[in-house]
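A short worksheet on the structure shown next.
The values are calculated or read from the model by the stated rules, or taken from the named source; none is laboratory data. Keep in mind that this is a model prediction, so the values were computed, not measured. All Cβ positions, glycine included, derive from the backbone under ideal geometry; neighbour counts span all protein chains shown.
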Amino acid sequence: MTNANYITPENRAAAAAEEAFKLRNQSKLSDSIKVVVYSDYTTESPPSITSGTIIVRAMSLGGHHDHLKDPNTCQSSEEARKEILKMYQATIEADNPYVSQLINGSTWKAFKVGPNLITLISPEKPSIAAIQGVPAGTINSFNSGNKAKLSSVKRTEGSNVEMIYNTKSATLNRDMQKKHYSNFFKELTKRLSESAFTSSTYKVNSLTRTPTQQANAMINGRFGNGKPLSFLRSWFDSTYGKSYQNLEMRKVIFDKEWTDPAELKTALATRIQELINDGYFKKGHGTGFAVDLRTNNLSFSDVKILLSVLATMKSENLVTYYSWEGVTTLKGGGGEEKRRVQGVFDSNEHIHLSINKAFFEGE
C-alpha cells in the first residue's frame, strides 16, 4: 500500500490490520482489553453512517493511556478533542447489532489488532466513573457550562416513536385537541417511526402562544440569570429578519439598556399585542399553526433525521417553513458543524416550523 493510499481512515485501518497480522507471527499481543468509547470526537468517520466501517476513538482502561491528559480536566472542547485523538483508533462495522450503543462514556470489550488499532466487540454497562460528572449516554461530553443532557432512551427496533409534551400546560392540552395539530403530529410520528430515528420520543415545546408567552419564550434563558442584555440582542439579530413586526420588536429590545428582564418582557408583550391588533404576525406562534420541537435532548444524528423528514414534508407542502434555531441560525455560520463536534452549545436550540393548517384540517 503506497503512502497516497493512507489518505482515507478505512485504508489506514486496513493497513494497520495487515501490519498487526504480520506482527502476530513474531510476538504475542495482549488481545482482550476494555476501553471507554468517545464516539463524537473523531474527525474521520461520523458515527451516524449506516454502512461500512465506523471509526471512533477509545481510551484504555488497562493503563495504556495513563500518560495522556484526562479529557474531563481539559479546559476546552478543542483541548479534549486533541487528547482523545491520541488514543486508540477503534473500528466497528455499521451493521454490528450493538452499534446503537456507540455513545460517549460507554465501556466496551475490544480486541487489539495493532499498536494503536482495536476492534470493538460488544458494550458493557456504560461507565459513569470514566467521565466524571457526565451521564452515560450523553454525546455532548466535555462541554463547559450548563448543557442539556441528551436522551439515552433508545428506541427498540420496530417500535413507534412517541410524541410527548408538558401535559400540565393548559395551553398545550387545549391546542393538542385541535384537528390540524393532532393530524400533523400523527403524520410526523408515523414518518419518524419509519425512519432511522433512534430516540424513543420527541418533545413539543410550544404551539400557540399569547403575547406574554411569546415575550417570555424570547427572553427567558437569554437575558437574566447571568446572561447580559447583549446576548439577547445578538440572538435576536441572528434569528429574526427585517419584516416590519420584527423591526418593531427590535426597537423595544434595543430601546434602552434594560436591567430588569421582567420589565422588558412586559414592554415586549405589550408591543406584540399591538402588532397583532394591527393585523401583523400572520406567521409564528400567534397564528395557531406554528410548532417548536425540542432538540437539546437529541443526538446530532437524530436531529438531522428529524430535519430530513421535515424537508420531505415541506416538499409535499405539508410544512411551509422550518429552521433549527440556535444552530443553523448561528451568526457567522458553522452552527451545524459546531453542534456535531461540540454537542449542545446553546441550551435554547429548537426546531421552529409552520404547518399547512388547511391541509391538516382537511384530513
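Laid out as a table, the results:
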read-out	value
Helices (runs of 4 or more DSSP H) lying entirely in segment 186-297 (those with 3 or more residues that are in contact (Cβ under 8 Å) with a residue 40 or more places away in the chain)	211-219, 229-239, 261-277
Residue selected from segment 198-221 under the condition surrounded by fewer than 22 Cβ atoms within 10 Å (Cβ to Cβ) and within 19 Å of the chain's Cα centre (by Cα), by the criterion modelled with the lowest pLDDT	Gly221
Selection from segment 83-99 of residues that are surrounded by 15 or more Cβ atoms within 10 Å (Cβ to Cβ) and of a type in the set (Ser, Thr, Tyr)	Tyr88, Thr91
Qualifying residue in segment 36-58 (condition: modelled with pLDDT of 70 or more, among the acidic types (Asp, Glu) and either touching a helix residue (DSSP H, G or I) at 6+ places or on another chain (Cβ under 6 Å) or crowded, with 17+ Cβ neighbours inside 10 Å (or both))	no
Unmet requirement for Ile305, which otherwise passes all of (1) farther than 23 Å from Ala196 by Cβ; (2) part of a helix (DSSP H, G or I); (3) of a type in the set (A, V, I, L, M)	(1)
Residue in segment 72-82 that is modelled with pLDDT of 65 or more, aliphatic (A, V, I, L, M) and surrounded by 14 or more Cβ atoms within 10 Å (Cβ to Cβ) present	yes
Residue match in segment 296-309 (condition: closer than 17 Å to Gln213 by Cβ and at pLDDT below 95)	no
Filter result (within 22 Å of Val113 (Cβ to Cβ) and either surrounded by 12 or more Cβ atoms within 10 Å (Cβ to Cβ) or modelled with pLDDT under 70 (or both)) within segment 59-71	Met59, Ser60, Leu61, Gly62, His64, His65, Leu68
Residue in segment 183-192 that is surrounded by fewer than 14 Cβ atoms within 10 Å (Cβ to Cβ), in the same structural domain as Asp278 (by TED's automatic domain parsing), under 24 Å from the mean Cα position of the chain (by Cα) and not aliphatic (A, V, I, L, M) present	yes
